[in-house]
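Have a look at the structure below, then the notes.
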Amino acid sequence: MFADFLKRLTAPDPAPLPDADARLALTALLVRVARSDGDFDDAEKARIDRIVATRYGLSPFEATRLRSEGETLETEAPDTVRFTRAIKDAVPYDDRIGVIEALWQVVLADGVREAEEDALLRLVSNLLGVNDRDSALARRRVDKDG
């Protein structure tokens with residue numbers, strides 16, 4: 001279903017993604033992190049829906065649809081390293097920092113920080129080209145916000 005999208009995203013020297021495609025790729029990354037502990041529960045799905053609704057000004061229905069498409073893309077996407085590097089090449093730095101904040105929101109949605117989630121978030125931050133300081137600040141902002 002997303003083969004052409006993934007081909008464009010993982011091509012050498014990808015062009016910057018159009019806004020709708022960037023939203024989809026980032027949502028799929030949120031899903032991947034949420035699934036990393038083997039338990040993709042309703043709290044995490046609801047958190048992703050709230051994140052994308054807020055970030056992109058979507059209705060609840062549109063947010064749920066985007067998450068559903070993100071779930072499908074996540075299952076078809078290449079390994080985390082290639083997928084995340086492709087996003088890095090196609091999405092501006094400030095947007096990637098926002099993604100790190102959103103990823104922390106997903107990790108903390110169920111009230112438990114699993115070791116697998118922490119490890120994946122460290123890897124994803126690095127692959128997105130977000131430095132340790134900016135990643136730590138993003139986590140603190142999320143911790144303060146709840």
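Mean silhouette area of the chain, derived from the convex hull of its C-alpha atoms and averaged over all directions, reads 7.9 nm². Computed from the Cβ-Cβ distance with R0 of 41 Å, the FRET efficiency linking residue 42 to residue 13 stands at 0.55. The accessible surface of region 15-94, taken with every protein chain in place and a 1.4 Å probe, is 51 percent carbon and sulfur.
When every alpha-carbon pair in region 25-72 is counted, what percent end up more than 17 Å apart? When every Cα pair of region 25-72 is considered, 20 percent fall beyond 17 Å. Available extension along the chain between residue 3 and residue 54 is 15.6 nm, counting 0.36 nm per residue and deducting the alpha carbon span.
Residue separation of residue 133 and residue 68 scaled by 0.36 nm, minus their Cα-Cα distance, works out to 20.2 nm of gained length. Rounded to the nearest 20, the Cβ-based charge dipole of region 1-66 about its Cα centre (Lys and Arg +1, Asp and Glu -1) stands at 120 debye. Computed with a 1.4 Å probe over protein heavy atoms only, the accessible area of residue 73 comes to about 0 Å².
Could you give the size of the charge dipole of the chain about its Cα centre, using +1 on the Cβ of each K and R and -1 on the Cβ of each D and E, expressed in debye and rounded to the nearest 20?
Here the chain has a charge dipole of around 380 debye.
Please calculate how many Å² of accessible area region 49-146 carries per residue, with a 1.4 Å probe and no DNA, RNA or ligand atoms counted.
52 Å²
Here region 42-110 is treated as an ellipsoid with the same Cα gyration tensor; its semi-axes, largest first and in whole Å, are 20, 15, 13.
Only Cα pairs under 8 Å and 6+ residues apart enter the sum, and on that basis the relative contact order of the chain stands at 31 percent. Maximal additional length on extending the residue 61-residue 20 stretch stands at 13.2 nm, based on 0.36 nm per residue less the C-alpha distance. For the set 45, 88, solvent exposure ranked by accessible area (probe 1.4 Å, protein chains only) runs largest to smallest as 88, 45. Largest GNM mean-square fluctuation among 121, 26, 103, using the chain with Cα springs under 10 Å: 121. Note on the chain: with a GNM built from Cα contacts shorter than 10 Å, the maximum mean-square fluctuation among 20, 63, 34 falls on 20.
The values are calculated or read from the model by the stated rules, or taken from the named source; none is laboratory data. Source: prediction; values computed, not measured. Every residue, glycine among them, receives a Cβ derived from its backbone with ideal geometry; neighbour counts consider all protein chains shown. We work out accessible area using only protein heavy atoms, side chains counted, and drop any ligands, DNA or RNA first. Shrake-Rupley method; radii C 1.70, N 1.55, O 1.52, S 1.80 Å.
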